[in-house]
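The values are calculated or read from the model by the stated rules, or taken from the named source; none is laboratory data. Predicted, not measured: the structure shown is a model, and the values here were computed from it. Every residue, glycine as well, gets a Cβ built from its backbone with ideal geometry; the counts of neighbours run over all protein chains shown. The area values use the complete protein model at the heavy-atom level, side chains included, leaving out ligands, DNA and RNA. Shrake-Rupley method; radii C 1.70, N 1.55, O 1.52, S 1.80 Å.
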Amino acid sequence: MSKLENYAQVLDEAALGSQAIAPIDSDNTLSLDDAYRIQSLSIGRRLARGERRVGVKMGFTSRAKMAQMGLSDMIWGRLTDAMLLEEGGEVDSGRFVHPRVEPEIAFLLKQPLAGNVSAPEALAAVEAIAPALEIIDSRYCDFKFNLPEVIADNASSSAFALGAWHTPQCDFGNLGLVMRIDGRPVQVGSTAALLGHPLRSLVAAARLSAAAGEPLQAGWIVLAGGATPAEWLKPGQHVSVQMQQLGSAGFQLRA
Ligand code: OOG
Ligand code: MG
């Protein structure tokens, strides 16, 4: 097994067993290409177990997230069907190491989207938009990592919930949003936090996915990135996001 395959296995098993691991790049030798290769290999192991690819997640697309995590380069990860939570349902806390949750907006594509596209071209490929919550759950101890490490760890992706799909005909470039934990507002923000307009995150997803040889497909979901800092989520807590014009999404972490 190559070094990169070995890291992919370690990360995959950490996610499977909800077990935190030590940093894999403490000597700062992994390149970004190595990191995306590890990510691809580790998601390949999930696909080999029967999971299905359903889209892409973008990371560090808002200043709020970059500042919280101390990293400033946009990253992306791969979504599978096993990560999609039942909206309004309960999720087992045993699935996670130390979950955090953040408010996002999701795109559902009606046609493929690849390469250097304009914002209007990206919009034309969108079937629907929905409010979303992402659970990020770094597989590294104390949620501490450098850029190659978080990329290798599929950008901390763990699970996501989606509210009802809405037509993208409304102007969704600056929609107010409130994230609540047990009914208490914990983060307030706007979709404008995502690169000024969340469509720019979709444009970046189209470019980066195509460059990786896995262009965005019809039917795929793209998570545009956390619009506010993430919040820790404890067993028993209920979390929701309410977004202007788009309604809400929520779930409960089982105690
Ligand atoms: C990395 C994942 C970043 C986002 O939306 O910016 C991300 C992390 O914060 O652990 O999902
Ligand atoms: Mg996120």
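The set of residues from segment 209-228 being crowded, with 17+ Cβ neighbours inside 10 Å and either away from ligand 2 (no atom under 15 Å from the Cβ) or assigned to a loop (DSSP other than H, G, I, E, B) (or both) comprises SER209, ALA210, LEU216, TRP220, ALA224, GLY225, GLY226, ALA227, THR228. Just so you know, in segment 77-115 the residues that are within 15 Å of ligand 2 (Cβ to nearest atom) and basic (Lys, Arg) include one that is surrounded by the fewest Cβ atoms within 10 Å (Cβ to Cβ), and it is ARG100. Just wondering, is there one or more residues in segment 108-127 that are near ligand 1 (Cβ under 10 Å from one of its atoms) and either modelled with pLDDT of 95 or more or in contact with a Lys or Arg (Cβ under 8 Å, 6 or more places away or on another chain) (or both)? For segment 108-127, residues near ligand 1 (Cβ under 10 Å from one of its atoms) and either modelled with pLDDT of 95 or more or in contact with a Lys or Arg (Cβ under 8 Å, 6 or more places away or on another chain) (or both): absent. For segment 2-18, filtered to residues that are in contact with a helix residue (DSSP H, G or I) (Cβ under 8 Å, 6 or more places away or on another chain) and farther than 19 Å from ASP142 by Cα, the residue that is least open to solvent (accessible area, probe 1.4 Å) is ALA8. Does at least one position in segment 116-125 carry a residue that is open to solvent by less than 10 Å² (accessible area, probe 1.4 Å) and in a loop (DSSP other than H, G, I, E, B)? So far as segment 116-125 goes, yes, one or more of its residues are open to solvent by less than 10 Å² (accessible area, probe 1.4 Å) and in a loop (DSSP other than H, G, I, E, B). Of all residues in segment 165-193, which are touching an Asp or Glu at 6+ places or on another chain (Cβ under 8 Å) and not β-branched (Val, Ile, Thr)? Selection gives TRP165, PRO168, MET179, GLN187. Scanning segment 165-210 for residues that are more than 14 Å from VAL126 (Cβ to Cβ), in contact with a strand residue (DSSP E or B) (Cβ under 8 Å, 6 or more places away or on another chain) and aliphatic (A, V, I, L, M) yields LEU175, LEU177, VAL178, MET179, ILE181, VAL186, VAL188, LEU194, ALA204, LEU208, ALA210.
For segment 149-174, the set of residues classified as small (Gly, Ala, Ser), within 23 Å of VAL10 (Cα to Cα), open to solvent by less than 10 Å² (accessible area, probe 1.4 Å) and within 16 Å of ligand 2 (Cβ to nearest atom) consists of ALA155, SER156, SER157, ALA159, listed by residue number.
If you go through segment 19-76 and keep only what is assigned to a loop (DSSP other than H, G, I, E, B), within 16 Å of ligand 2 (Cβ to nearest atom), open to solvent by less than 70 Å² (accessible area, probe 1.4 Å) and more than 20 Å from HIS98 (Cα to Cα), you end up with THR61, SER62, MET74.
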